Structure formats: C-alpha cells, structure tokens
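See below for the structure under consideration.
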Amino acid sequence: MNRARGWVAPQRHRPLRRRHVPQLLALLSAATALGLAACGSTVQTLPRPITTSSPTVSASASPTLDATDAAIIAAYDSYWSAVNQANAATSSTGAWNVPALSRAMVNPLLGQWQDELMQQEAQGIFVQGSLTAQRPRVISNTATTAEVSDCVSDDALEYYKATDGGTATLVPSQPDLPSGGDDGVTIAFTLVSGSWMASSSVSLEYGNCTGY
C-alpha cells in the first residue's frame, strides 16, 4: 500500500428478570399450603404450575466465520504478508519479483505493486518496517468475488534512500509514500482455480479508518 484480527466481546449473563419474582413467590406459597394440608396423609404430587410464556434468557454464542469467509480472510492475510516480504526485499534489487506477490494476487493489483516496487528500486528507495492488518472483515461475497475492509497500521513503516555518501536518509512523507497512522482499505478478491487472490484495491483512506 502506498501506505488484520478483530475480536468479539464476550457475552454477559443477564440477571433474573424482575417479572419472574412474583411467579416464584406464588409457587412457594402454593407449595407451603399443599404441604400443610398433606401432613399425616399420603404425600400428594404437586401439579405442574401453569406459566405464561416469557423470553428465555441464554448466552448467545460468539459469531464465527463460515468456511468461505475464513478462506477469504486467510487470503487477505497472505496478501499483506506478500507485500511485507516485497518491502523487506527492497534493500536489494528485484523486490518486484518476489514469488509471494504472484502467489497472493493477480492483475491489475499485482501489476500495480510490481510497478511501484520497480519505481522505488529505480529511485534507490528501500522500505523498513511492515504493514499490519488490525480488524479485517468480509463485507461482500458472491462466491467468486469478495471484498475485505480493514484498518491497516503503518506506524512501523518508513522509506529510506541512500545519499551520495552512502548514508541512508529518511524520505519525507509524500502523497505517494505516506507513512504513520492507520489507513482504511478495501481489497477485492477473485476466486482463481479454487484459490482466493487479491485482485484490486477498491478504496484507500490515508490516516482515516472511519467506516473501515
């Protein structure tokens, strides 16, 4: 990116609803009266109380991804892993041809990343640090195409360039090389020969994760 996992809060048990208290008191009173009347005689079986229907209180299970969405999120993780591997390889030549890129994405996104890495190599720019996915979620899935939205952190990512003296200097943040902060992204995926591949960058918001 010119610039992972979400969690679900555990469900809390709800307290006994106030409307149940009068019913319990009524049942206890009836049981006491029947018990007194039954002293010295055959023990009688208490009839089942007639109760009105009321909502059942139960802890709902935490939502889990189905198999397809889980595969899409795994492909999304592979996408950023490939990008980080390519960035790490910019300290030498050929980062644009790192095998992980073509294993995780297809054109046009693959070509865009390769072009950017080749331009950085031509300018003597190399990258340190990594991009970190924070809360990816599948926002659309048509069985053959899908989209994942996320807030990606690039706080640890910096761009450097060797000066004439051979000393690496930090490249100032520019429109095409921003760094620092969290960015909102949406990545499209396409099912290719049974595997989900990143295919395009649908949206990118530098320093803004609102809605992502």
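The values are calculated or read from the model by the stated rules, or taken from the named source; none is laboratory data. Just so you know, these numbers come straight off a predicted model, no measurement behind them. Note that we place each Cβ from the backbone using ideal geometry, even for glycine, and neighbour counts take in every protein chain shown.
So the values come out like this:
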item: Contacts under 7 angstrom Cβ, first residue in region 110-133 being more than 22 Å from VAL202 (Cβ to Cβ), partner surrounded by fewer than 16 Cβ atoms within 10 Å (Cβ to Cβ) and of a type in the set (Ser, Thr, Tyr), 6 or more apart; result: GLU121/THR93; PHE126/SER91
item: Filtered residues of region 202-212 (kept if over 17 Å from THR144 (Cα atoms) and surrounded by 14 or more Cβ atoms within 10 Å (Cβ to Cβ)); result: LEU204, GLU205, TYR206, CYS209, TYR212
item: Test: residue in region 119-133 that is within 20 Å of ALA71 (Cβ to Cβ), surrounded by 14 or more Cβ atoms within 10 Å (Cβ to Cβ) and assigned by TED's automatic domain parsing to the domain that holds PRO99; result: yes
item: Verdict on SER140 being within 30 Å of SER92 (Cβ to Cβ), surrounded by 13 or more Cβ atoms within 10 Å (Cβ to Cβ) and not aliphatic (A, V, I, L, M); result: no
item: Tally of residues being in a helix (DSSP H, G or I) and either touching a helix residue (DSSP H, G or I) at 6+ places or on another chain (Cβ under 8 Å) or surrounded by 13 or more Cβ atoms within 10 Å (Cβ to Cβ) (or both) across region 94-110; result: 10
item: Answer from ALA31, ALA104, ALA37 - the residue that is among the small types (Gly, Ala, Ser) and at pLDDT 75 or above; result: ALA104
item: Failed item, numbered, when VAL138 is tested on (1) part of a strand (DSSP E or B); (2) not assigned by TED's automatic domain parsing to the domain that holds GLN123; result: (2)
